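Reading through the structure tokens given below for one structure.
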Amino acid sequence: MTAQRIRRLASVDETQIEALADLIVDCVDGDASVSFMHPLSPEKARAFWRRVAASVDAGGCALIVAEDERGIAGTVQLRLDLPENQPHRADLAKMMVHRRARRRGLGEALMRAAEDVARDCGRTLLVLDTVPGSDAERLYARLGWVRVGEIPDYALLPRGGLAPTAVYYKRL
């Protein structure tokens, strides 16, 4: 396996925003359902990551990245800014690994790091959703996440067409 580093970013600079934008564009180009339609412009991708960076600065989001010899190769977010009656949980979102770095354990490492960060933030319950039958769904099931059910016609796939989503949770 290639050397990798997993870390939580306390803030996000412009170089990291550029790398994260390249990552999400690559994922959308590869048909990942991560909230954007194909083609995703670098400008729109950078604008998205600037909003995430503002949330990181405000404490509403924990951003974890995986880095390889070429830079940021993966990421996952914990959305912490939830209603006051939900201080015990976080939403896990935008778990992505660049196509160049897949099948090397980065997804699992990111998920384990996200769980550790959630515990450090006092969270005891995580939730996420994913496309049924995806590589991500298989990873979540392997890591002990519990499938709650499926919602039909939840979102558009990057190149069009409705797709369901599978909802998962994990107690920490």
Tell me whether the stretch 92-114 contains one or more residues that are more than 13 Å from the chain's Cα centre (by Cα), at pLDDT 95 or above, charged (D, E, K, R) and under 19 Å from A10 (Cα atoms). no
Which fully enclosed strands (runs of 3 or more DSSP E) of the stretch 124-172 have 1 or more residues being of a type in the set (F, W, Y) and either within 19 Å of H98 (Cα to Cα) or touching a residue at least 40 places away in the same chain (Cβ under 8 Å) (or both)? 162-171
Set R51, R46, R100: member being of a type outside the set (V, I, T), over 18 Å from Y140 (Cα atoms) and in contact with a helix residue (DSSP H, G or I) (Cβ under 7 Å, 6 or more places away or on another chain): R46
Please indicate, with yes or no, whether at least one residue in the stretch 22-44 is out of contact with any His (no Cβ under 8 Å at 6 or more places or on another chain), without any contact (Cβ under 8 Å) to a residue 60 or more places away in the chain, buried (at least 22 other Cβ atoms within 10 Å of the Cβ) and not hydroxyl-bearing (S, T, Y). no
Given the criteria farther than 23 Å from D129 by Cα and either at pLDDT 95 or above or in contact with a Gly (Cβ under 7 Å, 6 or more places away or on another chain) (or both), does M37 qualify? no
Please indicate, with yes or no, whether at least one residue in the stretch 57-65 is out of contact with any helix residue (DSSP H, G or I) (no Cβ under 9 Å at 6 or more places or on another chain) and touching a residue at least 60 places away in the same chain (Cβ under 8 Å). no
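Okay, residues lined up against (1) more than 24 Å from G30 (Cβ to Cβ); (2) touching a helix residue (DSSP H, G or I) at 6+ places or on another chain (Cβ under 9 Å); (3) buried (at least 16 other Cβ atoms within 10 Å of the Cβ); (4) of a type outside the set (A, V, I, L, M, F, W, C):
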site: L82; (1), (2), (3), (4): yes, no, no, no
site: D91; (1), (2), (3), (4): no, no, yes, yes
site: D120; (1), (2), (3), (4): yes, no, no, yes
site: L126; (1), (2), (3), (4): yes, yes, yes, no
site: R138; (1), (2), (3), (4): no, no, no, yes
site: G144; (1), (2), (3), (4): yes, no, no, yes
site: I151; (1), (2), (3), (4): no, no, no, no
site: Y169; (1), (2), (3), (4): yes, no, no, yes
Give the residue, chosen from D153, D129, that is within 15 Å of the chain's Cα centre (by Cα) and either farther than 18 Å from K94 by Cβ or not aliphatic (A, V, I, L, M) (or both). D129
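The values are calculated or read from the model by the stated rules, or taken from the named source; none is laboratory data. If you're wondering where the values come from, they're calculated on a predicted model, not measured in any experiment. No Cβ is skipped: glycine too gets one built from the backbone with ideal geometry, and neighbour counts run over all protein chains shown.
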